[in-house]
Every structure is written in structure tokens, then in C-alpha cells.
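The values are calculated or read from the model by the stated rules, or taken from the named source; none is laboratory data. For clarity, every value in this text was computed on a predicted model and none was experimentally measured. For neighbour counting, all protein chains shown are included, and Cβ atoms are generated from backbone atoms with ideal geometry for every residue, glycine included.
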Amino acid sequence: MKNVRNILWNCLTGLMVLGVAASASAATPLNAIVSVDDPEGNMGGARVRVFHASPDAPAVDVLVNDGVAFSNVAFEEISPFAEVPADTYNVKVVPTGATEPVVIEADLPLSAATDYTVIATDFLSMITPSILTADGGTPAAGNVWVRFFHASPDTPAVDITLTDGTVLIPNVAFQQGSNYLEVPAGTYDLEARVAGTATVGLSVPGVVLEDGMVYTVYATGLLADVGALENFYFLPAAARAKGAAGSNWATDVDIQNAGSGMASFQYLWLPRDTDNSAPNASDTFMLGPGETIRHADVLAAAFMVPDGVNALGALALISDSTDLKIFSRTFNTTEDGTYGQGMPGMAAGDLYPANTKKRILFFTENDAYRSNIGILNGTGASLTIMWERFTADGMMVDAASAELPPWGNVQLNQVFANEAPVEGAYIDVWTSTEDGAFAAYGSVLDSMTSDPTTVLPQ
């Protein structure tokens, strides 16, 4: 089987050089495909079929010994079985309707009395073959066999349940399949729930399972198409890093769905001092009405940032909901416990627009305290941010500006160091960039413990 898998991997990865791909958009919502497996139909030879479950991969033809075995197999299509004697076959992958270029040519060994379902899974850039096999047998009279395969790349592990919560097939992760389960024939209302929870990701009502039949149910498509995740939120600060005075910073985040429907979201990581035009995205997370999820040490949990890597920046979220509530705590861990600062998330519509001057108070710089300011560009275009610094008597110290790249963010440390000792200082910050929008915050830290206080603009 390992040899078969490796050959099929080569065939499928060859699709990436075809130069065409269907967009993973609203045409690829989370879906359920039910196939009839019919292992009894195998007359002793080898049978192969192909299931296209890669949401952004093109349609292809698969040639076996230079004959078209599977033609124009598109997303969510399952080819018929091709039955051949057990042997080794030459397999080629070509663009639909063409005989060249031959993207991959390989020899594929097939065993007798075995059915192979080759499933193209994941996005095109990471396309991977998964193989299901069946080798005969039938269920008892009055029953059916049914199994489940998880082919949705952005959906977490799921339980397959009845609508009353009864779990039929537990905890199936992406690219994994279950064994056949024998159940009475009948009509079933099924649900795919986030494993171990009551959160329903997909309802599949009215599934008819006929006496004596053998089935596979596939979850395909995307839980939340990126095109539908059009609502932006921002957390202006997030960290997993060592800082000044021996501090060790991490960020915990709570996301709550305050709406009455399901909500899906992804995090986008926005490193500091970087053009974030193409940010890294997390997996997609799903929340039921009123549900809250906490991601402790979010950069490790969502982006697998390892120990020893200084990750400083901000987070954006994209969601299909306008009802998310967000709060974070960025904290320093010491031998005596943790010292942290809370910061609420902001919906894109709550960012500060162009020509709106915001004032941040409480800047303190002396032997006991240090003060920083953080600024986030909340747009996908470059933005000029401007600020003026004032001492407590209202005298302006100076004015300055900085260019922030798309989704860029910056932290200016000890911003009144040259005026120290000082307390009661403040900063006005704004942008005049047309269609610009930004977030900002102040942070006043105890120099002994690095205990931070968040100061939001007014």
C-alpha cells in the first residue's frame, strides 16, 4: 500500500503544474457526498475509482495504459469504478480533454479482489491522496454498512451523530476515514458536530440507507469560504516573545459569538514592522450562538510559534459574522506569577478614520515606569501615521510621522525617555491618508515587574 500511495501522490501533485485552478469560493461550501461502494460488485479483479475532493484543483483526465479511464473529473465528482485484472498499470495525468502535456507518468500496482477509492484532498498547493479500500462482504439482512471520510481542509475533527446527539462515528479528523459501521437500513438525519461538542457544522437530513447496501459519506468543501469571511476585526497587540527587563510575553484571546447563528473565523498574523499584504492565516474555527472560545497563548495555539522565536505584532480576524466580541490579555510570566494588560478587539468599522485625532494619556517615564505606544494600520494600503507629543503642562515637545505598510504595525518604546523624569504626558495621533483607518494604544509598564497598564485613546 505504501508503494501505491507514493505513486498516487506523484500523480496528484503533478496537477499543480497544469497552470489552472478553480477558485475556492462560495462554490465550495461544506457539503456531504454519499457514494454506493458495492464491494460485492468486484468479480475478483481490481477496481479503481477517483473522488475529486480538492476544493481549488482543476478537472483532470486520468489515463490508464494510454486509455482514458476517468474523464473530466471535477470537484465533488466520483468516477465510476474501472475494473481491471490485478496487475501493474501505467497511469498518466493530463489536463481535461488533452493528451499532453503528460504531467506525471507512473506505474501503479493493483491487487486482486480489492476496490480502491483514491481521494484527492486538501488545497491544490498541498494536495494529498488518501486511499480507501474495500474487499468484499455484505451486511446482515436488514442492515447496511456505512463509513465516513473527512475531506474538508478547514473543518476540525468531527463526530457523526444523530440529531439527538447520539454519536455514531466519533472524532474523525481531516484526511481520516472510519471503519464501516453496521446499522439498520432506514432514513437517517445526520449531523457532523465539532468533536466532543454539540456544535453542528453540517446537517445532512434524509439520508436513505437501503437494505444490504454499502456506503461512504464524505464531508467536502469548506466550512467557511474565505470569500464569505468578509468581516474584519483587529487586536492591536499580540506576542510570544522575550521583552525588556527580562520579561516573557504571551497573549491569550477570547472570541465570543454574540449572534443567534453559527459563526466562523480565522486569525491573521500581522508581524510588527512588516508589510502584511499576504498574512498567514490560521485554521478556521467555528462557534455556536453564545459560545466563547479561549485560545491560551494564541500564537502557539493558532500559528505554532515555537519557543525561542520572538513573535511580536498584532492579530486580525476575518469572519462571516458581524457579532463577534473579542478580548485579549498579553502578560509577562515571572517567578511570582503573571502581570498582564487587557485589550478589547475592534471591528473594522470601529477603527479611527482619517483626520480623526485621538489622544492617549498617562505616559510616564522615570526610574519606576516606562511607556510605549503601539499603532496599527487597519487597511490593506500604506498609511501615514502622525503624532504630536506633549508634556503635562500642555507644551508640545515635537511632531513626527511614520509610514506603515499594509496591515502594518509598530511599537515605539520609551517614547518620553528624553524628557524623563516625566508623568502626565500625552500624545495625539492621527492619519490624513485618504480612506485610512488605524488603531492605537498606550502601555505604561512597571520597570521592576514589567506589569503593564493599557491606555486606550480618547
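Among (1) within 24 Å of the chain's Cα centre (by Cα); (2) small (G, A, S); (3) buried (at least 16 other Cβ atoms within 10 Å of the Cβ), where does G340 come up short?
The number of the failed condition is (1).
Grab the strands (runs of 3 or more DSSP E) fully contained in segment 357-458, keeping just those with 2 or more residues being more than 39 Å from the chain's Cα centre (by Cα) and either among the small types (G, A, S) or under 21 Å from A239 (Cα atoms) (or both).
On the way: elements: 358-365, 369-377, 383-390, 396-404, 409-412, 422-431, 437-446, 452-455.
Strands (runs of 3 or more DSSP E) meeting the threshold: 422-431.
Surrounded by fewer than 14 Cβ atoms within 10 Å (Cβ to Cβ) and modelled with pLDDT of 95 or more - does that describe any residue in segment 438-454?
The first filter runs over segment 438-454 and keeps only residues surrounded by fewer than 14 Cβ atoms within 10 Å (Cβ to Cβ), leaving 448.
Next, from what is left, pick out any that are modelled with pLDDT of 95 or more: none.
No - not one qualifying residue is present in segment 438-454.
Step by step: first the residues of segment 43-63, then only those that are touching a helix residue (DSSP H, G or I) at 6+ places or on another chain (Cβ under 8 Å) and more than 25 Å from A113 (Cα to Cα), then the one that is modelled with the highest pLDDT. Which residue is that? Break it down stepwise before answering.
Residues of segment 43-63 touching a helix residue (DSSP H, G or I) at 6+ places or on another chain (Cβ under 8 Å): 47, 54, 56-58, 60, 62.
Filter again for more than 25 Å from A113 (Cα to Cα), leaving 54, 56-58, 60.
Numbers: S54: 86, D56: 74, A57: 75, P58: 79, V60: 79.
Of everything passing the filter in segment 43-63, S54 is modelled with the highest pLDDT.
Quick check on segment 418-436. Is at least one of its residues in contact with a strand residue (DSSP E or B) (Cβ under 7 Å, 6 or more places away or on another chain), farther than 23 Å from D398 by Cβ and in the same structural domain as D336 (by TED's automatic domain parsing)?
Among the residues of segment 418-436, not one is in contact with a strand residue (DSSP E or B) (Cβ under 7 Å, 6 or more places away or on another chain), farther than 23 Å from D398 by Cβ and in the same structural domain as D336 (by TED's automatic domain parsing), which makes the answer no.
List the pairs whose first member sits in segment 427-455 and is farther than 23 Å from G408 by Cβ and of a type in the set (G, A, S), whose second member is modelled with pLDDT of 95 or more and part of a strand (DSSP E or B), and whose Cβ atoms are under 8 Å apart, counting only residues at least 6 apart or on separate chains?
Pairs found: S447/Y369; S447/R370.
Under the condition of being among the aliphatic types (A, V, I, L, M) and not in a strand (DSSP E or B), which residue from segment 237-268 is nearest to N372 (Cα to Cα)?
Checking each candidate, the answer is A244.
Hey, any hits in segment 78-85 for a residue that's within 31 Å of the chain's Cα centre (by Cα), buried (at least 16 other Cβ atoms within 10 Å of the Cβ), hydroxyl-bearing (S, T, Y) and at pLDDT below 85?
Looking only at segment 78-85, we keep the residues that are within 31 Å of the chain's Cα centre (by Cα), and these are 78-79.
So of that shortlist, the ones also buried (at least 16 other Cβ atoms within 10 Å of the Cβ) come out as 78-79.
From what's left, hydroxyl-bearing (S, T, Y): 79.
Cutting the leftovers down to at pLDDT below 85 gives us none.
Within segment 78-85 (the criterion being within 31 Å of the chain's Cα centre (by Cα), buried (at least 16 other Cβ atoms within 10 Å of the Cβ), hydroxyl-bearing (S, T, Y) and at pLDDT below 85), the answer is no, since none of the residues qualifies.
Just name the residue that is farthest from A402 (Cα to Cα) out of those in segment 275-284 that are buried (at least 16 other Cβ atoms within 10 Å of the Cβ) and over 10 Å from the mean Cα position of the chain (by Cα).
Restricting to residues being buried (at least 16 other Cβ atoms within 10 Å of the Cβ) and over 10 Å from the mean Cα position of the chain (by Cα), the top hit is P279.
Say we look at segment 131-177 and pick out the residues that are hydroxyl-bearing (S, T, Y) and either surrounded by fewer than 19 Cβ atoms within 10 Å (Cβ to Cβ) or in contact with a helix residue (DSSP H, G or I) (Cβ under 9 Å, 6 or more places away or on another chain) (or both); which of these is modelled with the lowest pLDDT?
Of all residues in segment 131-177, those hydroxyl-bearing (S, T, Y) come to 133, 138, 152, 155, 161, 163, 166.
With either surrounded by fewer than 19 Cβ atoms within 10 Å (Cβ to Cβ) or in contact with a helix residue (DSSP H, G or I) (Cβ under 9 Å, 6 or more places away or on another chain) (or both) added as a condition, the list becomes 133, 138, 163, 166.
Values: T133: 90, T138: 87, T163: 95, T166: 96.
The selected residue is T138.
Which condition from (1) at pLDDT below 95; (2) among the small types (G, A, S); (3) within 18 Å of the chain's Cα centre (by Cα) is the one that A296 breaks?
Just one mismatch for A296, condition (1).
Does segment 386-400 contain any residue that is in contact (Cβ under 8 Å) with a residue 40 or more places away in the chain and buried (at least 16 other Cβ atoms within 10 Å of the Cβ)?
Of all residues in segment 386-400, those in contact (Cβ under 8 Å) with a residue 40 or more places away in the chain come to 386-388.
From what's left, buried (at least 16 other Cβ atoms within 10 Å of the Cβ): 387-388.
Yes, segment 386-400 contains at least one residue that is in contact (Cβ under 8 Å) with a residue 40 or more places away in the chain and buried (at least 16 other Cβ atoms within 10 Å of the Cβ).
Of all residues in segment 135-175, count the ones that are under 17 Å from A185 (Cα atoms) and not β-branched (V, I, T).
So the count comes out to 11.
Could you grab me the full set of residues in segment 320-335 that are more than 14 Å from D254 (Cα to Cα) and touching a residue at least 24 places away in the same chain (Cβ under 8 Å)? Before the answer, list the steps.
Initially, segment 320-335 is screened for residues more than 14 Å from D254 (Cα to Cα), giving 320-322, 331-335.
Listed by number, the residues that qualify are D320, S321, T322, F331, N332, T333, T334.
Against the definition (of a type outside the set (G, A, S) and farther than 29 Å from E291 by Cα), how does N231 come out, yes or no? Spell out the reasoning first.
Values: of a type outside the set (G, A, S): yes; farther than 29 Å from E291 by Cα: no.
No; evaluated as a whole, the condition is false for this residue.
Does any residue of segment 165-176 turn out to be within 21 Å of P139 (Cα to Cα), assigned to a strand (DSSP E or B), of a type outside the set (S, T, Y) and in contact (Cβ under 8 Å) with a residue 60 or more places away in the chain?
no
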